[in-house]
Amino acid sequence: MPTDDNLQARKEFEGFRFGIFLHWGIYSEYGQGEWYLNNGKLKQEEYQKAASCFYPIRFHAKEWVRAFKDSGAKYITLTSRHHDGFSMWRTKESPYNIVDATPFQRDVLGELADACEEEGIRFHLYYSLLDWMREDYPLGSTGHDTGRNLQPNYDSYFQFMKNQLRELLCDYKNVEGLWFDGYWDHSHDAKPFDWRMTELYNYIHSLKPRCLIGNNHHIATIEGEDFQMFERDLPGENTAGFSPNQTVSQLPLEMCQTMNGNWGYHVGDLNYKSSRELITLLVRAASKGSNLLLNIGPQPNGEIPAAALDRLKDIGVWMRQHGESIYGTTRGEEYPWGVTTRKGDVTYLHILKDTDAITLTLDKKPIFVSVPFQYDNRRHTLKIQNIQQFDIIRVELK
Ligand code: FHN
């Protein structure tokens, strides 16, 4: 049973509608995305050398967080440890971490946690369930060529994860959400693999009852989860092919998407979606009752790529003007011309397609419409003309 605190946290999370996802680690140095250890078939000794020269001289947690805040984002989700097993905080559980293994020696996770606290931004953490480096992690479908001497022992690996999660939740006071990933690594096992997720969730909630747990497992929600996530897809759509069996639950929803084509920094990927495309995605997500967790892959020198900053600025300008139609809204409807979002008796019409006029059947009489309109009392239809793509029309019902 979720506590009252937890239910309150879920409600607040649902109202946020916009967050920033950060994939940052030593993989960023290779500039080949966060799967480079696996995809490049590197041996761990070679790959790990990147730690000994990780020195992001231009990293300023406050500048990052201010840029996210100005974009209108209400929370961030940082990769605390991705599949390469490198921990972005001062963990006692492994020397392979940002403080002990790099010349930088700074706890970037802690600095971002503090900056978020100061700026009033919610702080969530991504945590990989799978590990391409540890010998005790029972090998799944990935990370076969990293050259470790495998000694699978899930009890020991499970304990390691619990210890790390305890550090994250107890040493950094403002961690309000955990975003698990990698569960799918064992989805093709001949004998079903028991991740002991419910046990892990109970442990997390025993440490911090209001902590919001989500898992990118691409299946229906598991007991103990507090929000449901969809990778590269609006809830209920399966265009990316990750989630054919993922039904939409009653939990708060979140979809994640990249700004370009990669999660981690990729030096060759300048194929960024336009600001307009990203804003449209945010609107569509809100209309599905979902948050958008928009990803950025920071550079190895500690800077946010300029193309990402440009888009954050544009989104911020739009959110300052139109945020009312996004924050705290509930699921709306989809129409040939666009979508709607709702807040109580107010419906926001987001015109996403090139259209001159729209006609809408309402279940109540409008008492206010932000543009000239005609209302047919008999048919209960609202007609609006002379509209333009990307207009937002506020309709208040009696
Ligand atoms: O393998 C990861 C990937 O690197 C990235 O973190 C994404 C984010 O949704 N999740 C996994 C793929 O499903």
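Where a number appears in this text, it was derived from the coordinates with a stated rule and is not lab data. What you see is a predicted model, and the numbers here were worked out from it, not measured in a lab. Here the Cβ is made from the backbone with ideal geometry for all residues, glycine too, and neighbour counts use every protein chain on show.
Quick notes on this one:
- Order of Ser290, Ser243 - criterion: other Cβ atoms within 10 Å of each residue's Cβ, fewest first: Ser243, Ser290
- Estimated FRET transfer efficiency when R0 is 25 angstrom, pair Lys365-Lys11 (beta carbons, to 0.05): 0.25
- Linear extension gain, Glu334 paired with Ala307, 0.36 nm per residue minus alpha-carbon span: 6.7 nm
- The value obtained for the stretch 186-306, namely the Cα convex hull volume divided by the number of residues, is 154 Å³ per residue.
- Principal axis analysis of the Cα atoms in the stretch 22-163 yields extents of 45, 30, 25 Å, listed in decreasing size.
- Calculated FRET value between Glu63 and Phe242, using beta carbons and R₀ = 41 Å, to 0.05: 0.80
- The stretch 182-210-the stretch 1-71 distance, computed between alpha-carbon centres (Å): 21 Å
- The length gained on full extension between Asn202 and Val267, counted as 0.36 nm times the residue separation minus their Cα-Cα distance, comes to 19.4 nm.
- Burial ordering of Asp226, Asp5, fewest other beta-carbon atoms within 10 Å first: Asp5, Asp226
- The stretch 245-351: C-alpha gyration tensor shape, a/c 1.5 cut-off, then a/b vs b/c: prolate
- In plain terms, the C-alpha convex hull of the stretch 1-63 casts an average shadow of 7.8 nm² when viewed from every direction.
- Residue separation of Lys92 and Glu118 scaled by 0.36 nm, minus their Cα-Cα distance, works out to 6.8 nm of gained length.
- Using C-alpha pairs below 8 Å separated by at least 6 residues, the relative contact order for the chain is 18 percent.
- With K and R counted +1 and D and E -1, the other residues having a Cβ less than 11 Å from that of Ile387 yield a net charge of -1.
- Between Lys191 and Glu324, the modelled labels are 6.1 nm apart [label points 7 Å from Cα along Cα→Cβ].
- Kirkwood Rh, Cα atoms: Rg over Rh of the stretch 116-266: 0.96
- Computed FRET value (nearest 0.05) for Gln159 with Asn39, which takes r as the C-beta separation and R₀ as 41 Å: 0.90
- Charged side chains reduced to their Cβ positions (Lys and Arg at +1, Asp and Glu at -1) give the stretch 187-336 a dipole of some 280 debye around its Cα centre.
- Considering only beta bridges that DSSP places wholly inside the chain, some 40 percent are antiparallel.
- Net +/- balance of residues flanking Phe59 in space, Cβ distance below 9 Å, scoring K and R +1, D and E -1: -1
- Principal semi-axes in Å for the stretch 13-105 [√(5λ), Cα gyration tensor, largest first]: 26, 15, 13
- Prolate/oblate/rounded call for the chain, Cα gyration tensor, a/c under 1.5 rounded: prolate
- Across the stretch 236-332, Cα pairs under 8 Å and at least six residues apart give a relative contact order of 30 percent.
- Projected label points at Gln151 and Asp356, each 7 Å from Cα along the beta carbon direction, are separated by 7.6 nanometres.
- Residue-count net charge about Asp145 - beta-carbon cut-off 12 Å; Lys, Arg +1, Asp, Glu -1: +2
- The stretch 160-260 - percent relative contact order, Cα under 8 Å, separation 6 or more: 23 percent
- Order of Tyr126, Tyr201 - criterion: other Cβ atoms within 10 Å of each residue's Cβ, fewest first: Tyr201, Tyr126
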